[in-house]
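First comes the structure, then the notes that go with it.
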Amino acid sequence: MASLLLAFNTQKRTPPPLSKGLLPRYNLNKPKSLSLLNKPFSPNSTTLKIKGSSVSSALTPQLNETLVNQEDERPLSEIWKEIQGCNDWEGLLDPMNSHLRKEIIRYGEFAQASYDSFDFDPHSKYCGSCKYRGAQFFEKLDMQGHVNYQISRYLYATSNINLPNFFQKSKLSRVWSTYANWMGYVAVTTNEEEIKRLGRRDIVVAWRGTVTYLEWIYDLKDILCVANFTNDPSIKIELGFYDLYTKKENSCKYCTFSAREQVLAEIKRLLDYYRGEEISITITGHSLGAALATLSAYDIAEMRLNYMDDGEYRTRIPITVYSFSGPRVGNLKFKERCDELGVKVLRVINVRDKVPTVPGIIANEKLQFQRYIEDNMSFPWSYAHVGVELALDHTHSPFLKPTKDLGCAHNLEAHLHLVDGYHGKGQRFCLATKRDIALVNKSCDFLRREYGVPPYWRQDENKGMVRNADGRWVLPERPRADAHPADTAHHVEQVLKNIAGSSQMEAL
């Protein structure tokens with residue numbers, strides 16, 4: 001694998017309290033009734049307004065530039081299904097729809113939060129954990145645009161698998177967990193005004209990606225294994241991703257349930273609780289997190305969790321993935337099954353980034369004879385991307401400097417910057433929102449020097465050290481998060497019953 005990379009130059013009810021720690025289920029308020037607009041989309045009813053907006057800054061003329069921008073004046077609540085990909089984003093990417101741009105950036109920021117809240121300091125006994133408790137998660141990260149969501153659960157995975165360069169471990173002997181790494185979170189909209197704006201209640205799953213850049217790629221063996229979520233043995237996914245998603249460690253309280261069981265149990269719980277409402281499931285991630293986003297979206301759909309029986313009707317809840325710089329996850333059969341299940345994936349990539357090109361450098365969706373190779377040759381290294389691609393190019397941004405650092409091309413904040421400036425193929429790069437360009441240099445060195453933004457500027461003040469009552473500098477103890485809610489096993493069991501019942505219905 002390494003050699004191949006080198007060749008490229010590489011309502012109201014209060015849910016029952018489950019714990020006193022991280023996951024008390026945070027008063028997920030449910031209104032008694034909610035009237036939402038649900039008008040069908042018609043291309044003939046589109047109203048576009050040419051609107052001038054100014055991005056103000058004293059830095060350079062480029063930031064002061066007034067741009068002419070096509071604003072979609074339709075409320076998001078009326079067109080959310082299109083924005084979530086019900087028509088595979090046809091006519092929304094070129095030119096870039098203003099609602100879609102904002103939603104891509106917003107969900108990208110959910111993914112970025114999994115980086116900004118992660119403790120990757122090997123000199124901390126909390127290395128590999130989340131720095132913040134769920135009740136204050138978005139406030140601690142100063143994410144004012146996301147406080148209308150509340151964390152309902154944190155997700156963990158065991159590091160006791162063959163992806164050593166992905167996991168972060170402390171160098172100290174006394175640590176919060178020997179085997180676990182924090183992998184992301186599940187959140188849900190609880191603010192009624194936000195629900196009205198969105199047109200539905202949104203459940204978000206955000207998967208953490210890689211703190212380092214290419215090292216974890218070298219751990220991949222390009223080995224496809226059967227995805228044991230269905231009876232079809234021809235559907236296969238990369239072994240490393242499968243292990244990360246499905247493995248558990250009974251000796252570790254954070255890993256007694258696999259990441260898969262954790263996310264399926266929480267989705268099942270939330271869908272049961274908000275039954276009867278208009279709901280969406282949105283999954284996001286960057287890098288390896290994008291792989292987990294695609295895999296978990298497929299799993300939720302394959303397990304039929306997004307089908308809700310309500311009397312005479314059976315409703316399918318849409319599942320959308322916003323993937324950023326993600327690798328290929330499975331073979332062509334996996335891609336085709338995702339399409340059959342109606343999983344919508346929008347893959348945002350930088351054409352200068354190499355991660356989206358792996359695995360499957362030799363045989364992939366671009367190969368004319370891929371189906372023949374998979375069906376007749378049992379070729380073990382055949383992979384295919386899922387969904388619709390939004391290809392961006394960082395060399396089109398006048399704010400970014402030329403660099404040979406592959407980590408810059410892979411950086412998530414850089415991707416969100418590119419989305420902000422993208423208007424369509426062949427159109428000039430021009431920022432459409434007031435998103436701060438300084439965010440690009442949060443964890444890399446990519447902005448041109450004249451903007452005066454230091455590289456790698458985001459860090460905890462004094463590395464988290466505080467003065468105690470004696471005037472000594474100490475690293476304060478963090479409240480211990482509950483590993484898993486008490487009802488996790490119950491909901492996992494319900495998931496299994498759900499798929500068993502669906503299989504019997506299909507057999508009839």
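The values are calculated or read from the model by the stated rules, or taken from the named source; none is laboratory data. The model shown is predicted, which means the values in this text are computed figures rather than measured ones. As a convention, Cβ positions derive from the backbone with ideal geometry for all residues, glycine included, and neighbour counts pool all protein chains shown.
Computed values, structure above
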| read-out | value |
| --- | --- |
| Checklist (1) within 28 Å of Phe241 (Cβ to Cβ); (2) not in a loop (DSSP other than H, G, I, E, B) applied to Val386, failing item | (2) |
| Which numbered condition Cys127 fails, given (1) closer than 22 Å to Cys444 by Cβ; (2) surrounded by 19 or more Cβ atoms within 10 Å (Cβ to Cβ); (3) modelled with pLDDT under 85; (4) over 19 Å from the mean Cα position of the chain (by Cα) | (3) |
| Index of the failed condition, Val453 passing every other in (1) farther than 26 Å from Ala111 by Cα; (2) crowded, with 16+ Cβ neighbours inside 10 Å | (1) |
| From the options Asp299, Asp339, residue that is charged (D, E, K, R), modelled with pLDDT of 95 or more and within 18 Å of the chain's Cα centre (by Cα) | Asp299 |
| Output for segment 224-241, where each listed residue is part of a loop (DSSP other than H, G, I, E, B) and surrounded by fewer than 15 Cβ atoms within 10 Å (Cβ to Cβ) | Asn228, Asn231, Asp232, Pro233 |
| Scan of segment 399-414 for residues that are within 11 Å of Asn441 (Cα to Cα) and among the acidic types (Asp, Glu), ordered by number | Glu413 |
| Test: residue in segment 427-437 that is surrounded by 22 or more Cβ atoms within 10 Å (Cβ to Cβ), under 24 Å from the mean Cα position of the chain (by Cα) and outside any loop (DSSP other than H, G, I, E, B) | yes |
| Single residue of Val440, Val345 found to be within 27 Å of Arg106 (Cα to Cα) and part of a helix (DSSP H, G or I) | Val440 |
| Counted residues, segment 378-396 - those being farther than 24 Å from Glu340 by Cβ and either touching a Cys at 6+ places or on another chain (Cβ under 8 Å) or surrounded by 17 or more Cβ atoms within 10 Å (Cβ to Cβ) (or both) | 2 |
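Here is a yes/no grid of residues against (1) of a type in the set (Phe, Trp, Tyr); (2) surrounded by fewer than 19 Cβ atoms within 10 Å (Cβ to Cβ):
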site: Asp88; (1), (2): no, yes
site: Pro95; (1), (2): no, yes
site: Ile104; (1), (2): no, no
site: Phe118; (1), (2): yes, no
site: Pro122; (1), (2): no, yes
site: Val147; (1), (2): no, yes
site: Tyr156; (1), (2): yes, no
site: Ser159; (1), (2): no, no
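Okay, residues lined up against (1) touching a strand residue (DSSP E or B) at 6+ places or on another chain (Cβ under 6 Å); (2) not in a helix (DSSP H, G or I):
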position: Cys252; (1), (2): yes, yes
position: Gln262; (1), (2): yes, no
position: Asp272; (1), (2): no, no
position: Thr294; (1), (2): yes, no
position: Tyr298; (1), (2): no, no
position: Arg304; (1), (2): no, yes
position: Arg328; (1), (2): no, yes
position: Lys333; (1), (2): no, no
